[in-house]
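Structure, as structure tokens:
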Amino acid sequence: MDLKEARIVIVGAGQAGARAAEALRAAGHHGPISLVGEEEHPPYERPQLSKAVLIDKEPNPTLIRQAQDWSDLEVALLTSSSVVAADAQRRVVALANGRELSFDRLLLATGTRVRRLAELDNGPLPVRYLRSLGDALALRPELKPGRRIALVGGGVVGLEVASAAIRRGCQVTIIEKADSLLPQIGSGSLADYLRSLHSSKGARIVCGAVAKRTISGGLELNDGRLIPADLALVGVGVEPVTELALQLGLDSRRGIRVTSTGATAIEGIFAAGDVAEQWSPGHDRWMRIENWANAQNQAIATARSMAGIETAYGAPPWFWSDQYDANIQIVGNPAGGDEIVRGDTTDGRFTVASVRDGEVVGGIAVNSARDMAVLRRLVASRKRVRKSDLENPAFELKRLLAA
Ligand SMILES: Cc1cc2nc3c(=O)[nH]c(=O)nc-3n(C[C@H](O)[C@H](O)[C@H](O)COP(=O)(O)OP(=O)(O)OC[C@H]3O[C@@H](n4cnc5c(N)ncnc54)[C@H](O)[C@@H]3O)c2cc1C
């Protein structure tokens, strides 16, 4: 079979699935492409859901392409369509409505779903989660001036919603199990900065405590404290959507394990985006990378490989978060080395480089996008640097690239 004529089915019409479909066509793939998503909306940009969609006067979600553009690209976009079964021998997937789609090559881009806290669900306090456009559109009208919002989880989603809620005039309490905010990143300087940022905007921060149950008018913590609230938003991480991969017999306990070209252990079946488990040299382990840039770029590389142009992906993880007026960007593994802070963490503009064995393995830039451009190149190139240069505030970071 001519690979360029292969029938391709993509399960999951999120960032990864959508960009993969585009990249297949860009790579010269002529065969039929079906892009199947269970959400009712055509593929859209998810990062806005905890930012502009909650804050702006009008929600205005950004679609990756208008519906018509998918047909112009000759991609059959099936929305509100759940794939419920996959068969590697017969090379078919089955939709919930009984329809079967045959494939020669299959891409699993099923993403993640929120981790739910059963002990909080179905109690007397309304509890919300945020993953989809539908979730964001339902949350938006709840953020009314004076409403008391409890954010359970001080990770990126919780902190961004805290920022949006404060902008909308709500009273906010952030509850985090760990001793500091954004514990996933493992940076003391960033955690301290975020604590003072959110406190200065009026958020109450409760670290080292767990929400035990909801009560009428609030939440009870494990230490007995009561947090007054009209609504709780839970943001305690996500889990990979791997049911189809498990049916296919793929190793997918923590995500669908893939090679650098996106291939799974089954010939012709690939995985991309949040659901894919990749080897991360900067972290020395297999991991899923849950960010927009990975969903887009690892999916594009995988699509090219599916089209017969072997393309390895290995960029270090990079993501951004917007909270109030702070743009926070993180690359690589900031917890993987010794932190060197450049600039003043109290004035809302600083950079952190994390150095291990003479290499920058991770970095953080707060309102310092130019520094981040340098840090991304340093982490990717594994170029050797002198700690003394980084520690010298007068030394320009970009000189490290030339050295
Ligand atoms: C609120 C929010 C804010 C974010 N902000 C940022 C940010 O600022 N910066 C950043 O870098 N990243 C951010 N992210 C993360 C980023 O959006 C994700 O990493 C990215 O969207 C992952 O894309 P994906 O296509 O792999 O998965 P998803 O976006 O999860 O898409 C997977 C899709 O597959 C569908 N699906 C699953 N199973 C099936 C099935 N069996 N049949 C049919 N369809 C199925 C799902 O419904 C979903 O639509 C944010 C995420 C959220 C939720």
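The values are calculated or read from the model by the stated rules, or taken from the named source; none is laboratory data. Note that this is a predicted model, so its numbers are computed, not measured. Neighbour counts run over all protein chains shown; Cβ positions are idealised from the backbone, glycine included. Remember, those area values only see protein heavy atoms, side chains included, never the ligands or the DNA or RNA. Shrake-Rupley method; radii C 1.70, N 1.55, O 1.52, S 1.80 Å.
Just a few scattered comments:
- Links that overshoot a 32 Å alpha carbon limit, given the list 201/383; 51/177; 4/398: 201/383; 4/398
- Ordering of 187-193, 272-278, 214-220 by burial proxy (mean other Cβ atoms within 10 Å per residue, highest first): 272-278, 187-193, 214-220
- For the range 325-402, relative contact order (Cα pairs under 8 Å, six or more residues apart, normalised by length) works out to 29 percent.
- Simple Cβ-charge dipole of the range 116-234, Lys/Arg +1 and Asp/Glu -1, about Cα centre, in debye nearest 20: 340 debye
- Rough spin-label spacing in nm, given labels placed 7 Å along Cα→Cβ, for residue 167 and residue 377: 3.1 nm
- Rounded accessible area per residue of the chain, 1.4 Å, Å²: 44 Å²
- For the chain, the spread of Cα coordinates along the three principal axes comes to 62, 60, 37 Å, biggest extent given first.
- For residue 288, residues with placed amide H under 5 Å, excluding near neighbours: 278
- The listed peptides 6-13, 377-384, ordered by packing as a protection proxy, come out as 6-13, 377-384 (highest mean of other Cβ atoms within 10 Å first).
- On the beta carbon distance between residue 216 and residue 116, with R0 = 22 Å, the FRET formula returns roughly 0.55.
- Summarising the label geometry, the points placed 7 Å from Cα in the beta-carbon direction at residue 2 and residue 84 lie 3.8 nm from one another.
- Projected label points at residue 62 and residue 26, each 7 Å from Cα along the beta carbon direction, are separated by 1.5 nanometres.
- Shape call, the range 18-121: gyration tensor on alpha carbons, a/c limit 1.5: oblate
- Shown for the chain: the carbon plus sulfur share of the solvent-accessible area, taken with all protein chains present and a 1.4 angstrom probe, equals 48%.
- With the cut-off at under 14 Å, measuring from each backbone N in the range 204-245 to a point 7 Å along the Cα-to-Cβ line of residue 41 picks out no residue.
- Computed over the chain: relative contact order in percent, which uses C-alpha pairs under 8 Å that are six or more apart: 14 percent
- A full extension of the chain between residue 147 and residue 72 corresponds to an added length of 22.5 nm, given 0.36 nm per residue minus the alpha carbon distance.
- Volume per residue of the convex hull around the Cα atoms, evaluated for the range 325-402, comes out as 79 Å³.
- If you plug the beta carbon distance of residue 370 and residue 312 into 1/(1 + (r/R0)^6) with R0 = 30 Å, you get a FRET efficiency near 0.60.
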